[in-house]
Amino acid sequence: MAHIYIALVDTPGFFAALIRGFLKQRYIHVVIASDAELKEAYSVGRRNPAIPILAGFEKEDKDRILHTFPSAFYRICELECTDTQKQGIMGRLKEDYQRRFRIHYAVLGLPFILLNIPFFIRDQYTCSSYITRVLQENGIRISEKHFSLVTPKDFYEYGKMRIIFEGELSEIAGGSSDYKPEGAAAYE
């Protein structure tokens with residue numbers, strides 16, 4: 001068996017506070033990674049952590065995020081998958097990273113989530129809808145909902161992930177030797 005890693009993220013800010021209020025939970029952003037240390041992690045979110053308006057598909061940069069949000073709080077979860085599923089997921093992420101400037105944050109889709117109406121505009125996603133779609137394409141279902149309606153709360157409530165870390169980003173950024181994910185699988 002292999003593993004992929006899902007990070008649920010709490011960052012400060014006005015937009016994040018609105019989402020937190022709607023979801024009624026701490027974690028409002030979802031990141032997918034190949035490793036527990038989030039060295040190779042991707043999401044649909046801010047292209048620059050300091051500028052909330054410019055958003056799309058990006059490779060996460062822990063140091064830039066830490067600089068902008070020193071109190072960012074993370075919950076990292078391990079999700080079991082097959083080697084084939086992990087290869088498919090990581091292949092899709094790398095492929096999409098090559099065309100990252102064509103993938104945008106689905107601002108127009110947010111009212112549809114509130115109304116519980118599935119929507120899809122080509123190459124436009126929320127953080128959770130993108131990851132859900134990639135997982136579904138590889139045989140992993142986080143929710144029975146249409147991928148466009150999945151929110152970070154669905155990841156938070158998904159029972160098949162094991163929490164391996166919960167704490168501030170500063171504990172894992174910069175390759176700190178103090179960061180040891182609880183029982184995380186050795187590299188696959």
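What follows is calculated from the coordinates using simple rules that are stated; it is not laboratory data. Remember, predicted model here, so these are calculated numbers, not experimental data. Glycine gets a Cβ as well: all are built from the backbone with ideal geometry, and neighbour counts include every protein chain shown.
Springs between Cα atoms under 10 Å define the GNM used for the chain, and in it the highest mean-square fluctuation of 107, 44, 134 occurs at 107. Each 5 Å bin, from zero up to the one with the longest distance, holds this percent of the alpha carbon pairs of segment 60-120: 4, 12, 11, 12, 20, 28, 12, 2. By the equivalent-ellipsoid construction on the alpha carbon gyration tensor, the chain comes out with semi-axes of 23, 20, 16 Å, ordered largest to smallest.
When the chain is fully extended, how far beyond the present Cα-Cα distance does residue 136 get from residue 25, taking 0.36 nm per residue of separation?
Full extension from residue 136 to residue 25 adds 37.5 nm.
A DSSP coil position with no more than 14 other Cβ atoms inside 10 Å describes the following GluC sites (Glu not before Pro) in segment 110-177: 144. Among 64, 47, 99, the largest mean-square fluctuation in a Gaussian network model of the chain (Cα springs under 10 Å) belongs to 99. Counting only Cβ charges, +1 for Lys and Arg and -1 for Asp and Glu, the dipole size of segment 2-173 around its Cα centre is about 520 debye.
List 165, 14, 112 from most exposed to least, where exposure is judged by having the fewest other Cβ atoms within 10 Å. Before the final figure, lay out each step's value.
Numbers: 165 21, 14 7, 112 16.
Starting with the residue having the fewest Cβ neighbours, the order is 14, 112, 165.
Please work out the FRET efficiency for the pair residue 168 and residue 94, using the Cβ-Cβ distance as r and a Förster radius of 25 Å; give the result to the nearest 0.05. Intermediate results must be reported in sequence, preceding the final value.
Values: r = 29 Å, r/R0 = 1.14.
So the FRET efficiency works out to roughly 0.30.
If you take the alpha carbon atoms of segment 128-173 and fit the smallest convex hull around them, that volume is 102 Å³ per residue.
In whole angstrom, how far apart do the alpha carbon centroids of segment 134-148 and segment 60-123 sit? Using only Cα atoms, the two centres lie 13 Å from each other.
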